[in-house]
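> For reference, the structure I am asking about is given below.
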Amino acid sequence: MSNVLPFKRPSASQRHKGNTLCRRGFHKWQAEKATPFDVKSGKLVTRYRCARCGATKVDAR
């Protein structure tokens with residue numbers, strides 16, 4: 001037999017799972033491993049990406 005595909009439409013809570021936190025500003029920031037560090041004007045620059053929505057931010061210290 002073949003695999004059975006679900007024809008039921010996903011509920012609103014399943015479609016927006018984890019996204020409501022990001023819309024309210026509670027992102028889940030993780031440092032990007034592909035570009036670990038970048039030096040810009042003598043400061044250490046780290047890029048972060050949200051694990052839920054994919055938004056990016058740059059932190060210069």
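> Step through the residues of segment 2-16 one at a time and calculate ³J(HN,Hα) from phi using the Karplus curve (6.51 cos²θ - 1.76 cosθ + 1.60, θ = phi - 60°), rounding each to whole Hz and writing x for Gly and Pro.
8, 6, 9, 8, x, 9, 6, 6, x, 6, 4, 5, 6, 5, 9
> How do 22-30, 42-50, 9-17 rank on mean C-beta neighbours within 10 Å, highest first?
Values: 22-30: 11.6, 42-50: 13.3, 9-17: 9.2.
Ranked by mean Cβ neighbours within 10 Å, highest first: 42-50, 22-30, 9-17.
> Between (1) 36, 25, 16; (2) 52, 36, 15; (3) 60, 32, 11, which matches Cα extents along the principal axes in Å calculated for the structure shown?
(3)
> Related question: With a point put 7 Å past each Cα toward its Cβ, work out how far Arg61 is from Lys40 in nm, to one decimal.
The two pseudo-label positions are separated by 1.7 nm.
> Something else about it: Considering Cα pairs under 8 angstrom that are at least six residues apart, work out the relative contact order of the chain and quote it in whole percent. Before the final figure, lay out the partial values.
Details: 64 pairs, mean separation 15.5, N = 61.
Relative contact order for the chain comes out at 25 percent.
> Give me the number: length gained by fully extending Tyr48 to Arg24, i.e. 0.36 nm times residue separation minus the C-alpha to C-alpha distance, one decimal in nm.
On the way: separation 24, 0.36 × 24 = 8.64 nm, distance 1.79 nm.
Length gained, Tyr48 through Arg24: 6.9 nm.
> Name the residues whose placed amide hydrogens come within less than 5 Å of the amide hydrogen of Arg52, ignoring near sequence neighbours (fewer than 5 apart) on the same chain.
Lys28
A short reminder: the numbers here are calculations on the coordinates, not readings from a lab. Only a predicted model underlies this, so the values are computations on that prediction, with no experimental measurement involved. Neighbour counts run over all protein chains shown; Cβ positions are idealised from the backbone, glycine included.
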